[in-house]
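Throughout, read-outs are computed from the coordinates displayed, never taken from laboratory work. Predicted model only: the values in this text are computed from it and were never measured. Here the Cβ is made from the backbone with ideal geometry for all residues, glycine too, and neighbour counts use every protein chain on show.
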């Protein structure tokens, strides 16, 4: 059911496959979208350029927030002195919480979007966590978002009006790739790789999962052309 | 019951009466504390000097995080073009959510502290919301913190180990003033006033509530000497 024309949504946009698909999903549902892009010292800051490009192509205003949080250096996704995992595909998600986990990241990101939603009288915060293909991150699980929704309904002016939507959370990467193509997401501009290079490394866990997703979806990844 | 010596706590410290009392309360419970002070464009940035001074006197390391969140300009606590409320004392808390409400602020602040706690393997996040004397803010209610604790237990590496403690939430301002004196909080350095002047204005809702608290507690406010 499409949202009413006036309903606003804050969409967390990193510039990756999942969040870009979320943005186009939100548009397809009729939401008036604002994109929120967050720098937190991630080594793959290359993704921010993708976020800008995708927001522009989608015709959605983007706000870029920079966080300087020194304690995030414990994560190999932030601290370039730490080694990124190069896990065998079959083992990804099976070894507990990976070193790329950024402490409390999705709680923090969702809170920033909720703050904006509460200020704008928006009715949805939309983000793209995915539990199925990557179960190692505690902040990508459906039970976390259910509990967070309850907290948001108690601790904001908007209250229960502000919904937290995670449309991809139970999808496989192949399903996400297919949905992205259906929604005409400009996949060629999305950025998923954890490493900070000019092109996707192909070795990090994120590259491997994306590669598997497109392979299973049965079409080539436009970002690799 | 005092916490074990090794347990760490992240304490949100604004430099006001409540958060300063929380810091000394945490120390009295045996926590190894780190203070988190957040700039978010508040017009009373004067309180940050108080936070630094109090952390120093308490012998606690302080991390200062600056947030640039343009949407917070809807709040009169951030936007100096908006008028601060000058509510009759008997009416404070009875008129719905006041214009000084900062959208999603305590959710966001708690999330930042939870992120740090998760990175540091800390077992507590401590903050000083107060429901009794000021019921107008949705993010100062016990039910919000109960729900947020549930979310944190699902969405972090630390999980249920990370407790969110709000020791003042059911206290009156008079009870807080008495507790602060008992804990030897350096009250003369705390800053509560919403206005950005050199001395407390005495008119804003925060000044009025603080004044009422000390009057009821039966001793003079050391910050007014």
If one takes the longest principal axis of the Cα atoms in chain B, at what angle in degrees, from 0 to 90 and to the nearest 10, does the Cα axis of helix B:105-120 lie?
30 degrees
Mind sorting A:74, B:102 by how few other Cβ atoms lie within 10 Å of their own Cβ, fewest first?
A:74, B:102
Mind checking which of B:157, B:119, B:198 has the largest fluctuation in a GNM of chain B, springs on alpha carbons under 10 Å?
B:198
What do you get for Rg/Rh of segment B:8-224 when both radii come from the Cα atoms and Rh is the Kirkwood radius?
0.94
So the angle from the long Cα axis of helix A:17-28 to the longest Cα principal axis of chain A, reported in degrees to the nearest 10, equals 30 degrees
Give the separation of the Cα centroids, segment A:182-225 to segment A:94-128, in Å.
22 Å
What nm distance separates the two modelled labels at residue B:219 and residue A:203, each placed 7 Å from Cα along Cα→Cβ?
6.4 nm
Measure nothing but the geometry: give the 0 to 90° angle between the long axis through the Cα atoms of B:46-58 and the longest principal axis through the Cα atoms of chain B, rounded to 10°.
40 degrees
Copy-to-copy spacing for residue B:198, label 7 Å out on the Cα-to-C-beta vector, in nm, shortest first?
5.8
Segment A:83-225: relative contact order from alpha carbon pairs under 8 Å, six or more residues apart, as a whole percent, is 24 percent
Kindly provide the helix-only [θ] at 222 nm of the protein assembly as shown, computed as the sum of -39,500 (n - 2.57) over DSSP H runs of four or more divided by all residues, to the nearest 500 deg cm²/dmol?
-11000 deg cm²/dmol
If each label sits 7 angstrom from Cα along the C-beta direction, how far apart, in nm, is residue B:224 from its counterparts in the other copies?
7.1
Is there a simple number for the mean count of other chain Cβ atoms within 10 Å of the Cβ of residues in B:154-167, and what is it?
4
I want to check the label-to-label distance for residue A:57 and residue B:160. Put each point 7 Å from Cα in the C-beta direction and report it in nm to one decimal.
4.5 nm
Length released on extending from residue A:97 to residue A:143, taking residue separation times 0.36 nm less the Cα-Cα span:
14.9 nm
Per-residue Cβ contact counts at 10 Å, fewest first, order B:201, A:22, A:207, B:33 as B:201, A:207, B:33, A:22
With label points set 7 Å from each Cα along the Cα-to-Cβ direction at residue B:8 and residue B:182, the distance between them in nm comes to 3.0 nm
I want to verify a result. In a Gaussian network model of chain A, Cα cutoff 10 Å, which of these has the top mean-square fluctuation: A:212, A:173, A:182?
A:182
Please compute the Kirkwood hydrodynamic radius of segment A:39-125 from all pairs of different C-alpha atoms, in Å with one decimal.
15.2 Å
Compute the orientation-averaged projected area for the protein assembly as shown from the convex hull of its Cα atoms and round it to one decimal in nm².
21.4 nm²
Fraction in percent of alpha-carbon pairs per bin - 5 Å, segment A:95-138:
5, 20, 22, 21, 13, 10, 6, 2, 0
Build a GNM of chain B with springs between Cα atoms under 10 Å: which of B:141, B:46, B:184 gets the top mean-square fluctuation?
B:184
Using the Cα atoms of segment A:114-172 to build a convex hull, what is its mean projected area in square nanometres?
3.7 nm²
